[in-house]
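The values are calculated or read from the model by the stated rules, or taken from the named source; none is laboratory data. These numbers come from a predicted model, not from an experiment. We place every Cβ from the backbone using ideal geometry, glycine too, and count neighbours over all the protein chains shown.
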Amino acid sequence: EFKCLQKKYNKLEEKCKAAVRNYTQMTMSDPTFDFLLMKACKPMMQTFCTNIEGGNENDLMRCLVKHKNEQKMDFRCKAGIDHHQITSMKDEAFLSQQFRGKCSIEVNEHCVGKKTKAGVIQCLADLMLRDVLKKQNTIKESCRDELRFELLQRSESIDFDPSLAKACLNDIRRFCADRTPGNAQILDCLKENHNKVSAPCFARLRKREKLDVILPENDYSLMSKCAAVIQKYCSNDNKQNVISCLRHNINQDVMPNVCRRILYHRLMVLNSDARFNKGLIENCQRDINKLCQSEIIDQDSDDKDSDEDDGDNDDKDTDKNDDPNTNTDDDGDVKDREMGGRIIQCLRSKYADTPDTLESACVSELIDVIQTSKLDVKLDIRLYKSCRKSLTNACTGMDQEDCLKLLYQNGKLEDGDCKEQVKRIIREGQADIHVDRALSFACQADVLKYCNDIPIGSGKQLQCLLSMGKSVTSQCQTVLEKRRELWQSVSF
């Protein structure tokens, strides 16, 4: 009965709500007072949390939350933990004392008026995102530690993020009807369809996606579905570098397809906004200031304070999200809703098209970005957006970049924007052999033998290979000849 009252918390009359609030606060501060939870979870506490002393929400509950998806976890205990987590989001009063102590300054300065714990968490998450965009450090480290745990919890289930669940209600019904909350299933589904979801859903989802790449250790889906690869190859890396480490090990046999899909999406977010690629920004800052100044945006929607609903009405459906006819993104086209990778696009065009020489440290970072985009055509956002129709109609079942190059060479590309993007990737291949997968693979031994001391970039290693004539291997000669024909088709 009391669980029922907690579920209907936002609909209770104020006097009843106050009584439920008081008791819930007590159980949040010390979960041992939650007799139903303790009864269901006592055996699990003995299995997973033997070293944890009772009476501390931030130790006992964190232990149970950490292990709730283990195979040995009793389903009744898991249901109790889920209920505890969902209930905790419904009122600002349910923030733990430890969280209040470590984040009081930030909450009092930036999040006054938030009525729910979910609202406070989102407010601080917005602040953390803004810190990265503005290169500031508003949130002190002790508060960041508390926030990291809350964000990790939130990324495990749509039920722990009421404002996102409310904004994406119709999208969940439309795209994710076969998924269930928990294990990030619905969240992953929304991210997979982020270019198709409604505008209110996308506005909130975009911030979650960007937090995924800023704080990958708090990305439940990435950390759980790539756990084996992380343990084997990335355990010694800084947690914030885990995406880069996974990227460099993406072709390892131990990487499951589900991990690879999650990683591709995170890489798409990185490629859509240079500000989240720390290495690129640090090593290319002078080149950006010199060559791409017009592409820099000082403010965008992520700099604004959150307008997200605190969740006071999360039990109610909104008319516009309930009506399946309100979603106009029905044509399946890619929506240019990101920052669009403008700075990355500018750097790539300068690297491929002009005599401007980028600094060597910037070239190294940019090549990593370009090589990443070769893993999947969707990771090259501008190319995929411009050539979507050609890819769908003519390139099914084959290497999609090679298909586009062949279509261009044979004069079969009609879309002007698509032609420009294909010309760009052809020129990138001329600028550096390492970003042309077929050429790099065919000539790998020859580069090591004849051109290993030649610096990368500006087509220098390629010119070295060409100068060797018939001294290179036959497979390298074959691919080089095909590339010569391709380069001749590009009009400068």
| request: Please give the helices (runs of 4 or more DSSP H) falling wholly within the stretch 196-246 in which 3 or more residues are without any contact (Cβ under 8 Å) to a residue 24 or more places away in the chain. | output: 227-233
| task | Take Gly113 and decide whether it is in contact with a Gly (Cβ under 9 Å, 6 or more places away or on another chain) and surrounded by fewer than 23 Cβ atoms within 10 Å (Cβ to Cβ). | result | yes
| query | How many residues are under 21 Å from Asn69 (Cα atoms) and surrounded by 18 or more Cβ atoms within 10 Å (Cβ to Cβ) if we restrict to the stretch 204-222? | reply | 7
| task | Looking only at the stretch 41-66, count how many residues are modelled with pLDDT under 90, aliphatic (A, V, I, L, M) and closer than 21 Å to Phe160 by Cβ. | result | 2
| request: Tell me, yes or no, whether the stretch 70-78 has at least one residue that is of a type outside the set (Gly, Ala, Ser), buried (at least 19 other Cβ atoms within 10 Å of the Cβ) and in a helix (DSSP H, G or I). | output: yes
| Among Val269, Val254, which is at pLDDT below 90, in contact with a helix residue (DSSP H, G or I) (Cβ under 8 Å, 6 or more places away or on another chain) and over 27 Å from Ala361 (Cβ atoms)? | Val254
| note | Taking the stretch 441-463 and keeping residues assigned to a helix (DSSP H, G or I) and out of contact with any Asp or Glu (no Cβ under 9 Å at 6 or more places or on another chain) leaves Phe441, Ala442, Gln444, Ala445, Asp446, Val447, Leu448, Lys449, Tyr450, Gln463
| task | Note down all Cβ pairs under 7 Å where the first residue falls in the stretch 5-30 and is acidic (Asp, Glu), the second is surrounded by 15 or more Cβ atoms within 10 Å (Cβ to Cβ), and they're at least six residues apart or on different chains. | result | Asp30/Glu57
| request: Kindly indicate which of Leu190, Leu133, Leu129 is over 22 Å from Ser96 (Cβ atoms) and either surrounded by 22 or more Cβ atoms within 10 Å (Cβ to Cβ) or out of contact with any helix residue (DSSP H, G or I) (no Cβ under 8 Å at 6 or more places or on another chain) (or both). | output: Leu190
| message | Every residue in the stretch 250-270 that is more than 26 Å from Gln345 (Cβ to Cβ) and in a helix (DSSP H, G or I), please. | response | Asn257, Val258, Cys259
| field | Single condition Thr372 does not satisfy, out of (1) surrounded by fewer than 20 Cβ atoms within 10 Å (Cβ to Cβ); (2) under 19 Å from the mean Cα position of the chain (by Cα) | value | (1)
| request: Please work out if Asp330 is loosely packed, with under 14 Cβ neighbours inside 10 Å, at pLDDT 55 or above and assigned to a loop (DSSP other than H, G, I, E, B). | output: no
| task | Answer yes or no: is there a residue in the stretch 471-486 that is closer than 19 Å to Asp402 by Cα, assigned to a helix (DSSP H, G or I) and touching a residue at least 60 places away in the same chain (Cβ under 8 Å). | result | yes
| query | Just for the stretch 136-158: of the residues that are farther than 17 Å from Asp212 by Cβ and surrounded by 18 or more Cβ atoms within 10 Å (Cβ to Cβ), which one is modelled with the lowest pLDDT? | reply | Glu146
| query | Taking the condition more than 30 Å from Leu280 (Cα to Cα), surrounded by fewer than 19 Cβ atoms within 10 Å (Cβ to Cβ) and at pLDDT 90 or above, does Val120 pass? | reply | no
| remark: Tyr408 fails exactly one of (1) under 28 Å from the mean Cα position of the chain (by Cα); (2) aromatic (Phe, Trp, Tyr); (3) buried (at least 20 other Cβ atoms within 10 Å of the Cβ), namely (1)
| field | Some residue of the stretch 292-311 being modelled with pLDDT of 85 or more and crowded, with 19+ Cβ neighbours inside 10 Å | value | yes
| Can you pull out the residues in the stretch 420-436 that are crowded, with 16+ Cβ neighbours inside 10 Å, part of a helix (DSSP H, G or I) and either on the phi > 0 side of the Ramachandran plot or not hydrophobic (A, V, I, L, M, F, W, C) (or both)? | Gln421, Lys423, Arg424, Arg427, Glu428, Gly429, Gln430, His434
| request: Tally the residues that are surrounded by fewer than 17 Cβ atoms within 10 Å (Cβ to Cβ) and in a helix (DSSP H, G or I), restricting the search to the stretch 33-57. | output: 8
